[in-house]
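Some notes on the structure that comes next.
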Amino acid sequence: MQFPVRSKPFLLVTSIAALCGAAFAADAPTAKPAAPAAPKTDAPAKPPIEPTFANVAYGDHPRQVLDFYQAKSVRPTPLLFFIHGGGWVSGDKGFTKNPGTVKQYLDAGISVVSINYRYSWQAQIAGVKPPVKAPLEDAARALQFVRSKAKEWNIDKQRIGASGGSAGACSSLWLAFHSDMADPKSSDPIAHESTRLWTAAVMGAQTSLDPKQLKEWTPNSRYGGHAFGFMDPNDPKTRDTRFAEFLEHREEVLPWIKEYSPIEHVSADDPPVYLIYSSAPALGQDQKDPTHTANYGVKLQEKCQEVGVPCELVYPGAPDVKHKTADEYLIASLKSPPRRAMKPIEADVRYGPAERNVLDFYQAKSDKPTPLLFFIHGGGWQGGDKNGINPKPYLDAGISVVSVNYRYISQAQEVVPPVKAPLHDAARALQFVRSKAKEWNLDKQRIGANGGSAGACTSLWLAFHDDLADLKSDDPIARESTRLWCAAVDGAQTTLDPKQMREWTPNSSYGGHAFAKAGEFKKFDDFVAAREKILPFIAEYSPYALVTKDAPAIYLHFGAPPNLGHDEKDPTHTANFGVKLQEHCKEIGVPCELSYPGATDAKHSSSQEYLIEKLKADEAQGSPVKVQK
């Protein structure tokens, strides 16, 4: 949705921008601190939100610490990676003055990390050259550390967006544009992690630290010399007093300038960025606040447009504003259907007669038939859409992707039981895809299913069910197999038996809608009371009841540890489902990896990681499940 430019005063005060206000003040080191505002008496102050984990060390220095705020979610969550401002000479990771900043992200299902880092003056005293290396490389190390905690903290390693104001904005852009600093050959596993970002949205950013550029863009520029040692480290007030000396010695420090200026690193493979400033640009003219002028944004946007990197620039009167605030941009970017690297090769391909019997196909480039990710969206079989998949990591790994829609239970009230419709739609879609194997260059053997919640249950049902292929059918699609190579799922319901659910998780409330017409089971107790009558249906559509020794390997991920026999905050997606299915699989001899925060035996941090490894590593091996050629 686009927001037209209006003649009303520009409103920059967002929760993140408000948080950065203190940092902007800190970027004027000679100014006297403003007197504190009188507290309002008509409303109590919001209490700060306590971090899930506070002052987590990611390095040895006292300021190499971060706070982590965990969003509640079944699946790995996106992450806001916040870097405070303060000119790299002051500031702090705390959100105590703006608890709403954290809350709105947590409410949106986005976890939050806020970091401290070494100040440049501390680095200068310690002999780090240039001093700015310390705060910027601390931010990179903190990002790698956070990725190393992805499994424990239930974080999506892909969807991490950076934000900050002023110096924190500069650091965020440096991470966004810099080539990956991962070192796969290091003996330190944290150093193996990527430093790339999904996106960045920043306030009042310095996009260059080159004094020549700064002087051309904004003649009264004064900022940046301290990053390269032009400052008395024992007196932060000298930070902006030596710009002339910085400019004079530019050539001597030019390699450093190019390494630590975000604009120098922009390339075509960089993520989209969002820049917001509190006043309009005026290139070539003095500015009231030359340290946070929108002139920086205009020049960076020009550079991004040259190489094809999306860059949204916002200031009072800016054209083409799509997001009014950095918060709005970040939440939309991190939570909307994931950014597609490309449009489907085939979109809305029909595999059946119902309106929602359509799928999208994304083709990986390969000279030989590719493995396939078969994605089934969640939504309780009552909502959701096939657009909720990011195919890029799979395509990059040489794995094609199919994402399917299916009939909702509400659209199949004539079907007995209603859950038969979405599950059999998934099976038919899988058969249809196999029938297109030659045309779409697919390996019929290596198909792995994935989904969350109801999509996870459906994936497991396919994985464990006997082959639904009908070799005697006149319909060639019906002769195709429904077996899988593997399945990796998130927040799965592994049974639809109310008796089992009550035993595993006493406050269970899910599942009755799968077997009854709308409104027939008004509460879970009605489902329990009807159990014996519908037990054949429960046994047919519960993954747990279908496990046999010839089933493929599976992976289960949950967002919180199990607690068998106790009420759960989210009984519909509890890891109790996973514990019991894993026990059952082990009894029969089916490989089942169970992952949740604190799990000791999990080898993979996400279903994506598992699927890519499983579908690619097993390429030369025999299929665990035989399918029709």
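A few points about this structure:
- Residue within segment 557-566 that is surrounded by fewer than 21 Cβ atoms within 10 Å (Cβ to Cβ) and in a helix (DSSP H, G or I) present: no
- Against the conditions (1) touching a residue at least 60 places away in the same chain (Cβ under 8 Å); (2) within 17 Å of ILE447 (Cβ to Cβ); (3) open to solvent by less than 20 Å² (accessible area, probe 1.4 Å), LYS386 satisfies every one except (1).
Yes/no matrix, rows are residues, columns are (1) in a helix (DSSP H, G or I); (2) surrounded by 21 or more Cβ atoms within 10 Å (Cβ to Cβ); (3) in contact with a Cys (Cβ under 8 Å, 6 or more places away or on another chain); (4) hydrophobic (A, V, I, L, M, F, W, C):
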residue: TYR223; (1), (2), (3), (4): no, yes, no, no
residue: PHE230; (1), (2), (3), (4): no, yes, no, yes
residue: PRO233; (1), (2), (3), (4): no, no, no, no
residue: THR241; (1), (2), (3), (4): no, no, no, no
residue: LEU254; (1), (2), (3), (4): yes, no, no, yes
residue: GLU259; (1), (2), (3), (4): yes, no, no, no
residue: ALA268; (1), (2), (3), (4): no, no, no, yes
residue: PRO271; (1), (2), (3), (4): no, no, no, no
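- Scanning segment 195-219 for residues that are over 17 Å from PHE243 (Cβ atoms) and either of a type in the set (A, V, I, L, M, F, W, C) or open to solvent by 10 Å² or more (accessible area, probe 1.4 Å) (or both) yields ARG196, LEU197, TRP198, ALA200, ALA201, VAL202, MET203, ALA205.
- Within segment 96-151, considering residues that are outside any loop (DSSP other than H, G, I, E, B) and of a type in the set (Val, Ile, Thr), the one surrounded by the fewest Cβ atoms within 10 Å (Cβ to Cβ): ILE125
- The residue that is surrounded by the fewest Cβ atoms within 10 Å (Cβ to Cβ), among those in segment 273-298 that are part of a strand (DSSP E or B) and not β-branched (Val, Ile, Thr), is TYR274.
- When THR370, THR458 are checked against the criterion of being at pLDDT 95 or above, crowded, with 22+ Cβ neighbours inside 10 Å and touching a helix residue (DSSP H, G or I) at 6+ places or on another chain (Cβ under 8 Å), THR458 stands alone in meeting it.
- Close Cβ contacts (under 8 Å, 6 or more residues apart or on different chains) running from residues in segment 362-373 that are farther than 18 Å from LYS614 by Cα to residues that are buried (at least 24 other Cβ atoms within 10 Å of the Cβ) and among the aromatic types (Phe, Trp, Tyr) comprise TYR362/TYR394.
- Against the list (1) under 24 Å from TYR541 (Cα atoms); (2) open to solvent by 40 Å² or more (accessible area, probe 1.4 Å); (3) in contact with a helix residue (DSSP H, G or I) (Cβ under 7 Å, 6 or more places away or on another chain); (4) not basic (Lys, Arg), the condition SER435 fails is (1).
- Looking across segment 160-187 at every residue that is modelled with pLDDT of 95 or more and not small (Gly, Ala, Ser), the one that is nearest to PHE53 (Cα to Cα) is identified as ILE160.
- Single residue of segment 603-629 satisfying the filter (at pLDDT 90 or above and hydrophobic (A, V, I, L, M, F, W, C)) that is nearest to ALA397 (Cα to Cα): ILE612
- If you check ALA545, ALA553 for being modelled with pLDDT of 90 or more, open to solvent by 50 Å² or more (accessible area, probe 1.4 Å) and under 28 Å from ARG479 (Cα atoms), only one passes: ALA545.
- If you filter segment 275-322 down to residues that are more than 23 Å from GLY161 (Cβ to Cβ) and among the aliphatic types (A, V, I, L, M), you find that the one that is nearest to the chain's Cα centre (by Cα) is ALA280.
- In segment 317-333, of all residues being open to solvent by 20 Å² or more (accessible area, probe 1.4 Å) and more than 18 Å from PHE81 (Cβ to Cβ), the one that is modelled with the lowest pLDDT corresponds to ASP320.
- Of all the listed residues (ASP525, ASP570), the sole one being within 23 Å of ARG502 (Cβ to Cβ) and part of a helix (DSSP H, G or I) is ASP525.
- Annotation for segment 328-339: at least one member residue is more than 30 Å from ILE447 (Cβ to Cβ) and either out of contact with any Ser or Thr (no Cβ under 9 Å at 6 or more places or on another chain) or part of a strand (DSSP E or B) (or both).
- Residues of segment 377-426 classified as assigned to a helix (DSSP H, G or I), at pLDDT below 95 and charged (D, E, K, R), total: 2
- Set THR505, THR574: member being in contact with a Phe, Trp or Tyr (Cβ under 9 Å, 6 or more places away or on another chain), within 30 Å of PRO393 (Cβ to Cβ) and either aliphatic (A, V, I, L, M) or open to solvent by less than 40 Å² (accessible area, probe 1.4 Å) (or both): THR574
The values are calculated or read from the model by the stated rules, or taken from the named source; none is laboratory data. All of these numbers come straight from a predicted model, not from anything done at the bench. Neighbour counts run over all protein chains shown; Cβ positions are idealised from the backbone, glycine included. What goes into the accessible areas is simple: the full protein's heavy atoms, side chains included, and nothing from ligands, DNA or RNA. Shrake-Rupley method; radii C 1.70, N 1.55, O 1.52, S 1.80 Å.
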